Each structure stands twice: as structure tokens, then as C-alpha cells.
1. Going by Cα centres, the range 173-248 and the range 1-80 are how many Å apart?
2. Which whole-number value in Å² is the accessible area per residue of the chain, probe 1.4 Å?
3. Specify the angular offset, from 0 to 90 degrees and rounded to the nearest 10, of the alpha carbon long axis of helix 362-381 from the longest principal axis of the alpha carbons in the chain.
4. Express the Stokes-Einstein translational diffusion coefficient of the range 40-184 in µm² s⁻¹, to the nearest whole number, given a Kirkwood radius over alpha-carbon pairs, 10 °C and a viscosity of 1.306 mPa s.
5. Looking at 387, 118, 288, which one has the Cα that reaches farthest to the positive end of the dipole of the chain (charges on Cβ: Lys, Arg +1; Asp, Glu -1)?
6. Report Rg/Rh for the range 154-312, rounded to two decimals, where Rg is the Cα radius of gyration and Rh the Kirkwood radius.
7. Want the number for residue 246 to residue 183: 0.36 nm per residue separation, take away the alpha-carbon distance, what's left?
8. Which order do peptides 368-377, 326-335, 229-238 fall in by mean Cβ count within 10 Å, highest first?
Amino acid sequence: MSEEQTCYWPRAILHIDMNAFFASVEQRDFPELRGRPIGVTNGEVGSTLITCSYEARAHGVKTGMRLPEARSLCPKIIQRPARPKVYAQVSTRIMHALAELSPDIEVFSVDEAFVDVTHCQRLHGSPEHMAAMARDIIHRASDGLPCSIGVAGTRLTAKIASDMQKPNGIVIIPPWEARERLRDVPMEKLCGIGPRVAEYLRLYGARTCGDVAALPLTILERRFGVTGKRLWLASQGLDSDPVINDVAPPQSVGHGKVVPPRTTSRRVIETYLRHMCEKVATRLRRYGFQAGRLFIGLRYAESGEGAAAEYEIAYGAPNGKKFFELARALMKAQWHGQAVTQVQVTATRLKSTSGQMELFAPADARQLNRFAAVDGVNEKYGEFTVAPATLLERSSMPNVIAPAWRPDGHRQHIPDSDKS
């Protein structure tokens with residue numbers, strides 16, 4: 001292999017994966033937790049692990065595990081309530097700091113990012129060197145939090161590479177080695193292969209990326225179309241998905257909440273619905289969106305099914321009280337005393353007001369002034385400091401970081417977790 005090929009890659013992508021991110025932040029901020037098994041839950045009463053430290057994982061504890069099961073495997077595990085705003089602040093510092101390396105950054109989630117360093121090689125050196133630079137940048141920005149970094153010629157190969165050596169590892173897969181290095185990797189490691197796709201591929205004897213690569217392309221294209229071709233290429237390290245640093249405008253704004261087990265109280269269900277209606281309306285106002293349609297849904301305990309309806313609504317100042325009137329209409333029409341496990345409110349058909357008051361009717365403009373006063377108080381002193389009296393009985397479960405969270409723009413907001 002020539003020196004030029006070794007040093008300069010035609011395409012070079014880093015995948016940054018913060019290791020046990022929430023748990024690592026807890027151990028960083030509370031020295032007494034360092035070296036000890038901890039599990040992070042959604043609040044003090046949370047019963048499912050959002051993540052866990054590597055000390056807990058050594059005992060077989062996994063993310064998504066119920067706390068009683070985790071304690072049976074690791075009796076000394078320490079439960080820690082999540083602090084979403086802290087994690088978001090740390091993530092924001094990390095993502096902004098990575099701009100020192102390259103401007104081409106795609107924030108994939110609160111603890112993951114892709115960085116395209118293809119055009120930075122003459123400035124910073126080899127992709128291997130830039131991976132080490134990225135880890136140093138992250139350590140400085142986060143006060144020493146561990147991360148794993150995968151370096152490859154494509155996004156999906158880089159993501160697989162970052163998972164090969166945890167915690168705090170750097171794995172390099174040059175483009176010319178990708179097909180061979182991926183050959184024995186389980187196909188489920190490919191981002192985009194879910195249970196349905198995996199089940200279909202197993203019918204053809206495919207278990208690894210090498211097996212998928214050996215299948216005729218027509219098999220995947222015929223069943224999955226463009227997605228099938230993408231997975232076939234990805235299994236060989238040949239996918240061409242770009243790193244996208246622009247955050248697309250939202251297609252919807254929604255909030256859902258799990259209600260107490262087997263809830264049949266109309267008052268409780270309506271309180272949860274009003275809570276979600278107010279949260280949706282507040283977010284729409286905060287980021288200058290109007291909605292043309294509202295989805296209201298209930299999930300029932302017995303069957304897993306539920307009640308749902310979509311309502312056409314007039315564009316205008318987002319109003320939680322008006323949204324709740326539609327939620328009550330759904331309750332009256334479709335709910336007949338069934339036990340409810342979850343409620344959902346989602347606004348769609350969004351359009352941006354760009355902050356221009358003239359897009360609202362005069363009545364809306366006056367109403368917006370009232371909303372602005374309330375929103376200003378709540379932004380300063382905590383979510384729902386000023387709220388309808390019925391929300392005094394709202395859920396005490398804190399907010400969580402949504403998968404769509406981003407460090408900038410309309411996806412960055414996380415309200416005070418102790419107020420929701």
C-alpha cells in the first residue's frame with residue numbers, strides 16, 4: 001500500500017460515542033460514586049434503568065433493565081435519579097468543542113455524533129491522528145468523561161467501529177479494509193437492521209455482515225427497495241450516507257406520559273391530558289410554530305390498544321386550553337372506563353411564524369402577550385410555576401431527553417426536570 005493511500009483517505013468519518021454517558025456524569029460530579037456500580041433512572045421513583053455504569057455492567061446489568069432485576073444481579077447497585085439538564089449542558093459543550101476539529105458535525109443523539117474530517121486531513125493530519133485529537137477535545141470539554149471513537153470511510157462502519165473497544169477506545173477501519181473487517185460482525189450491528197429485516201435475512205442464512213454482502217442485491221432490493229440496497233452496501237463498508245449538520249424543521253411536536261398502573265379515574269386521565277396539552281402548546285409558542293392538526297391518544301392496559309383521534313385546528317396562537325377541549329371530546333366519544341396506561345398529544349402540520357406578529361389575528365396577538373408573560377415566568381422560575389390549577393395534581397415524573405434533542409435550535413429545550 002502506498003504512503004499516500006495510508007495517509008490520505010478519500011473519505012474519513014469519526015463516530016463519537018460517550019461511554020455510559022449519564023452514569024459517567026454522575027460519577028464525575030460525585031466522587032463517592034467512582035468505581036461503584038450505579039444505575040440511572042428517571043427520577044427517584046423510576047423503575048427502569050436509563051443507563052448504568054461499567055461497574056454495574058460487569059455484573060450483567062443492562063440499559064433498559066428493571067431495577068429489581070438489576071438488584072438481583074448486582075445487590076450493591078446504587079440508584080441515581082437522572083439530571084437531564086446537566087447531561088444536556090455537558091453534551092452541548094462537547095458538541096460545540098468538536099467544531100475545533102471540523103465544522104461538519106452531525107449530532108446523532110445526546111451522547112453520539114458523527115464528524116466528517118475528510119477535508120481536514122491536510123490541516124490536522126491523518127484520520128488516526130484526528131481521532132486522538134477528538135478524544136483530547138472531548139476530555140477537556142467534559143472534564144475527563146470517557147468516550148469511544150470509531151474511524152472509517154462511512155458513517156455506519158464508523159458507528160460499528162466505535163462499539164468494538166469500550167470504554168475509551170479508538171478503533172480504525174480504513175476504507176480498503178472495511179469489507180474484510182466487517183465480514184464476521186453480526187448483521188444486527190448495522191444501524192437500520194431491525195427485528196423485521198433481521199428475521200427476513202435469516203431466512204437466507206444471513207447472520208453476519210459478510211453473509212449479507214454475499215446475498216444477491218436483488219433479494220434485498222425486491223423486499224426493501226432503496227433501504228435494502230443501502231444495507232447491502234453498508235455490509236461491505238460502501239454506504240455513502242452524508243454527515244448532515246443541518247437540523248431539519250420539525251414535522252411534529254408531541255408529548256406523552258405513562259399514567260399510574262391501571263388508571264380508571266377520569267379526573268386523573270384528564271389531568272395527564274391537560275398536562276401534555278399545555279406542554280405541546282408551550283413548545284409550539286417557544287419556537288414560533290403554529291399547528292393545523294392535533295392528535296390525541298390513549299393506550300389501554302388490557303389489550304395494548306386504545307382510543308385515538310386527529311382534529312383539524314385553526315392556525316393561530318397555540319393554546320393548551322383549546323387543545324384540552326379536544327382531548328375531552330375524545331374522552332367523551334371513545335373512553336368508556338377502560339384502564340389507561342399512557343396518554344399522548346401531538347401537534348402536526350406545523351408552520352413557522354418566524355416571530356412575526358402580523359401572521360396572527362388581532363385577538364391572537366393580544367392572547368400571545370398573555371402567553372408571553374406566563375411563558376417568561378415559567379422559563380425563569382421553572383416549568384409550570386404558573387399553570388392551570390388542575391395541574392397541581394400532574395405527574396411528578398421528571399422530563400427526559402428526547403432522542404431528537406440537539407444542542408442548538410428548536411430541539412434543544414429541556415424544561416426544569418423537577419417541575420414537570
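1. 27
2. Numbers: 20420 Å² over 420 residues.
I get 49 Å² per residue for this part.
3. Orientation of helix 362-381: about 60 degrees from the principal axis.
4. My calculation gives 94 µm²/s for D.
5. 387
6. That ratio equals 1.12.
7. My answer for the length gained is 19.4 nm.
8. With the highest mean Cβ count within 10 Å placed first, the list reads 229-238, 326-335, 368-377.
The values are calculated or read from the model by the stated rules, or taken from the named source; none is laboratory data. Bear in mind the structure is a predicted one, so any value in this text is a computation, not a measurement. Counting neighbours? That spans all protein chains shown, and the Cβs are built from the backbone with ideal geometry, glycine included. For accessibility, only protein heavy atoms count, side chains too; no ligands or nucleic acids. Shrake-Rupley method; radii C 1.70, N 1.55, O 1.52, S 1.80 Å.
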